[in-house]
Amino acid sequence: MNVSDRIKKAHIAIMQHKEFCAFAGILACGKVEVTTDVPTACTDGWNVKYNPEFIEQNMATDPELRLLVLHEAMHKAYRHMTVWKYLSKINHTLANVAMDHFVNLSLTDTDAGNGFLQMPKVGIQPDPKYRGWNVLQIYTDLEDEDEGNDGDGPDGFDEHDFDGPPGGDAPTDQEIEDEIGRAIRQGEMIRKQRSKGAGGSDGMFGDLLAPKVDWRKALRDFITETCSGRDESSWARPNRRFLSDNVYMPSMMGVTLRELVVGFDTSGSVFGSSEMTRFVSEITTIIEQVKPSKIHVIYWDTAVAGHQTFEDGQFAVQDLKPKGGGGTDGSVLFNYLRKKRITPDAIVQFTDGYVGDWGTTDVPTLWAITTDMTAPFGTTIQLEV
């Protein structure tokens with residue numbers, strides 16, 4: 001397994017862990033690059049870089065690599081590159097060491113010897129002396145010992161780029177702040193769900209749950225309210241009310257769901273959680289009860305991660321293949337439909353509501369949201385998990 005694959009494996013393991021899954025959203029922020037441009041590992045508070053040779057030589061086990069991945073994620077989550085930038089200008093070496101003491105001790109304490117993480121021989125070794133201290137307190141203590149010397153200090157296993165992401169398409173400081181905050185909230189939701197034993201997933205999702213929504217009624221009411229005026233007259237089915245008077249009039253055939261799009265939020269806050277199982281359960285019920293002639297199931301996070309199409313009832317739940325686990329951008333589904341020229345009768349969006357950009361569409365949209373949020377357009381129903 002090459003370094004890139006090992007890093008992906010580490011991400012998946014972290015997302016599935018009952019405690020460290022809190023970093024699932026953080027892992028999806030920014031880009032991950034395997035490159036020799038850095039000597040070890042490096043984060044600018046948004047993106048992360050790993051030197052493949054460094055990892056091969058110093059991270060022989062998966063627990064060691066998982067600690068390194070979480071090490072960079074903690075720097076991002078705690079906004080170290082922004083909050084402690086002023087310390088780096090005073091004494092760059094001590095600022096780096098103080099942050100690493102804080103991160104490594106926090107990680108090893110959370111693991112509590114369970115073996116999910118292992119501190120490599122390289123890097124700032126956790127010092128119990130600093131348990132409960134913040135970065136500034138650690139820095140001050142190191143400064144007292146170091147007498148302000150900015151020379152060589154203990155070797156870490158990563159670098160800290162306080163200049164932030166490079167220009168071009170890089171997000172602004174405020175955008176990073178907002179996205180990191182959103183990722184932390186999503187991660188905490190996942191952690192709370194896992195700590196309650198929710199999900200029980202041994203694969204992509206667990207056993208199907210009893211449907212919480214009468215989708216035949218919900219979609220019938222939704223279409224009646226939002227698609228009024230779209231009834232079609234048909235001479236093939238005469239209106240019986242007028243036949244007794246020998247008057248042959250067409251009947252009005254109610255609009256049926258010939259083509260339905262189901263949007264499936266598979267962002268880090270949902271992926272692998274009990275919400276994911278709920279979404280699968282409800283989608284299965286829609287297909288089986290409502291029987292659209294054609295249904296698109298589209299998985300999205302910050303991009304469309306997968307698109308499956310089922311026609312004329314040809315469906316089995318095991319055919320659903322959710323993909324994703326990244327950040328969240330609720331507009332990508334609508335942009336994708338426009339790009340692919342897909343014009344359904346209606347859209348049903350399953351999400352936890354932490355979508356960032358809700359997007360826009362002219363297609364009638366029903367939002368099934370697992371939180372108390374309300375979409376700014378369309379019809380919202382709260383979906384109990």
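The condition (being over 27 Å from ASP178 (Cα atoms) and in contact (Cβ under 8 Å) with a residue 12 or more places away in the chain) is satisfied by just one residue among ASP319, ASP345: ASP345.
All of (1) under 19 Å from ALA13 (Cβ atoms); (2) out of contact with any helix residue (DSSP H, G or I) (no Cβ under 7 Å at 6 or more places or on another chain) hold for HIS92 with one exception: (1).
For the range 48-69, the criterion of being modelled with pLDDT under 90, closer than 19 Å to GLY164 by Cβ, of a type in the set (D, E, K, R) and surrounded by fewer than 24 Cβ atoms within 10 Å (Cβ to Cβ) is satisfied by no residue at all.
Among the residues of the range 283-293, those that are surrounded by 21 or more Cβ atoms within 10 Å (Cβ to Cβ) and part of a helix (DSSP H, G or I) comprise ILE283, ILE286, ILE287.
Considered as a group, the residues in the range 70-83 that are surrounded by 24 or more Cβ atoms within 10 Å (Cβ to Cβ) and hydrophobic (A, V, I, L, M, F, W, C) include one that is nearest to PHE116 (Cα to Cα), and that residue is LEU70. Cβ separations smaller than 9 Å between residues 6+ apart or across chains give the following pairs from the range 294-316 residues that are buried (at least 18 other Cβ atoms within 10 Å of the Cβ) to residues that are of a type in the set (Ser, Thr, Tyr) and in a strand (DSSP E or B): ILE295/THR309; HIS296/THR309; VAL297/THR309; ALA305/TYR299. Against the numbered list (1) surrounded by fewer than 19 Cβ atoms within 10 Å (Cβ to Cβ); (2) touching a Leu at 6+ places or on another chain (Cβ under 6 Å), THR370 comes up short only at (1).
Quick check on my filter: what residues within the range 52-78 are among the charged types (D, E, K, R) and in contact with a Ser or Thr (Cβ under 8 Å, 6 or more places away or on another chain)?
So the first thing to find is which residues in the range 52-78 are among the charged types (D, E, K, R), and the list is 53, 56, 62, 64, 66, 72, 76.
Those that are among the charged types (D, E, K, R) and in contact with a Ser or Thr (Cβ under 8 Å, 6 or more places away or on another chain): GLU53, GLU72, LYS76.
For the range 98-127, residues that are surrounded by fewer than 24 Cβ atoms within 10 Å (Cβ to Cβ) and within 31 Å of the chain's Cα centre (by Cα) total 18.
In the range 317-328, of all residues being more than 16 Å from GLY359 (Cβ to Cβ) and within 17 Å of the chain's Cα centre (by Cα), the one that is surrounded by the fewest Cβ atoms within 10 Å (Cβ to Cβ) corresponds to LYS321.
Quick check on this structure: which one of SER269, SER331 is touching a Gly at 6+ places or on another chain (Cβ under 8 Å) and either surrounded by 20 or more Cβ atoms within 10 Å (Cβ to Cβ) or outside the structural domain of VAL355 (by TED's automatic domain parsing) (or both)? Reasoning before the result, please.
Values: SER331 fails: either surrounded by 20 or more Cβ atoms within 10 Å (Cβ to Cβ) or outside the structural domain of VAL355 (by TED's automatic domain parsing) (or both).
Being touching a Gly at 6+ places or on another chain (Cβ under 8 Å) and either surrounded by 20 or more Cβ atoms within 10 Å (Cβ to Cβ) or outside the structural domain of VAL355 (by TED's automatic domain parsing) (or both) holds for just one of SER269, SER331, which is SER269.
Of the residues examined, PHE102 is not one that is of a type outside the set (A, V, I, L, M), in contact with a Lys or Arg (Cβ under 7 Å, 6 or more places away or on another chain) and at pLDDT 85 or above.
Of the residues making up the range 32-53, those that are in contact with a Pro (Cβ under 9 Å, 6 or more places away or on another chain) and closer than 23 Å to ASP178 by Cβ are ASP44, GLY45, TRP46, ASN47.
The set of residues in the range 112-135 that are at pLDDT below 90 and either part of a helix (DSSP H, G or I) or not assigned by TED's automatic domain parsing to the domain that holds GLU56 (or both) contains only VAL135.
The values are calculated or read from the model by the stated rules, or taken from the named source; none is laboratory data. The model shown is predicted, which means the values in this text are computed figures rather than measured ones. Positions of Cβ are generated from backbone atoms using ideal geometry, with glycine treated the same way; all protein chains shown enter the neighbour counts.
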